[in-house]
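Visitor: One structure, pasted below without further comment.
The values are calculated or read from the model by the stated rules, or taken from the named source; none is laboratory data. Treat the numbers as computed from the prediction; the structure is a model and nothing was measured. Reconstructed Cβ throughout: ideal geometry from the backbone, glycine too, with neighbour counts over all protein chains shown. Ligands, DNA and RNA are stripped out before the accessible areas are found, and what is left, the full protein with its side chains, is counted by its heavy atoms. Shrake-Rupley method; radii C 1.70, N 1.55, O 1.52, S 1.80 Å.
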Amino acid sequence: MATAHILILESDTKISRQLSGTLQKQGFNVTQCQDVSEGLMVMPADYFDLILVNAFLPTNDDLSPLQAIRSWGQTPVIVLSSINTTAKRIESFQQGADDFISKPIDSTEIVLRVNAILRRTHKGESNIEGEIDIDHLRLLKSRQQVFYRGDNLAFTPIQFRLLWILAENRFKVVSKQFLYRAVLNRQFSRYDRSLEMHLSRIRKKFIEVGISADRFATIHGKGYRFS
């Protein structure tokens, strides 16, 4: 089955790594960012199924991290806070939090809370759509397989992830910064050509079976678009 994609917005790299490791062991896809602007400005809307956010991350305006997320979309949010007071909990829920967890974070508790929210929002493992059909192109997320006119096209896991994200957000420009995080699990560097290499190989495979390379557009200075 396909599984949920979780975004961690946490400036403490040790906590972020611990959370990521715990959730990945449960089979979740995890992306880590250290500030709100990085996490929200580089991603397509509604890409993530759940967001874990440090209550005290700075933002580029006067909004709290939670308010900034809510101005972007309605993805479920768990607030992580080092201040465990009734006032802080009430404030978080008033601003739109779906749950509140105080630090230090217990690994068992975070897994239970995450699963509970995903079940409640119908975005648990068994409920996430795991198939994309575009013309004669079919992507199966659970098996990481791609078919064109019934023929199986061989892609590496990284190439499949890249293709899936672009296809899932077709007609939208997906930034390089976001793709480096979501596909390669590292920060974007203008000197790193890894993403372009993987996209080039996908284009080549498409051309071999008769799919136009124009389906992938490079939007200079912004990212890529699949149409």
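Visitor: Can you give the charge dipole size of the chain about its Cα centre, rounded to the nearest 20 debye, using +1 on the beta carbon of Lys and Arg and -1 on the beta carbon of Asp and Glu?
Guide: The dipole of the chain has a size of about 640 debye.
Visitor: Right, another one. List nothing, just return the count: lysine pairs in the chain, 8 or more apart or interchain, with Cα separation under 29 Å.
Guide: 28
Visitor: Also, I was wondering about something else. Could you look at the chain and say what percent of its accessible area is carbon and sulfur, using a 1.4 Å probe and all protein chains?
Guide: 47 percent
Visitor: State whether the chain is rounded, prolate or oblate according to the following rule on the C-alpha gyration tensor (a ≥ b ≥ c being the square roots of its eigenvalues): a/c under 1.5 gives rounded; otherwise a/b larger than b/c gives prolate, and the remaining case gives oblate.
Guide: Prolate, since a/c reaches 1.5 and a/b exceeds b/c.
Visitor: Evaluate the relative contact order of segment 167-227 (contact order divided by residue number), counting alpha-carbon pairs under 8 angstrom at least 6 apart; express in whole percent.
Guide: It rounds to 48 percent for segment 167-227.
Visitor: Accessible area per residue of the chain at 1.4 Å probe, in Å²?
Guide: 51 Å²
Visitor: How would Y47, Y180 line up by accessible area, probe 1.4 Å, largest first?
Guide: These residues rank, largest area first, as Y47, Y180.
Visitor: Any chance you could look up the accessible area of T156 with a 1.4 Å probe, heavy atoms only, rounded to 10 Å²?
Guide: Its accessible surface works out to 60 Å², give or take rounding.
Visitor: When only Cα pairs under 8 Å and 6 or more residues apart are kept, what is the percent relative contact order across segment 63-114?
Guide: Relative contact order here is 38 percent.
Visitor: When only the heavy atoms of the protein chains count and the probe is 1.4 Å, how do R186, R70 rank by accessible area, highest first?
Guide: So, going from the largest accessible area down, we get R186, R70.
Visitor: Of W72, W164, which has the most accessible area and how do the rest follow, probe 1.4 Å?
Guide: Solvent-accessible surface, decreasing: W72, W164.
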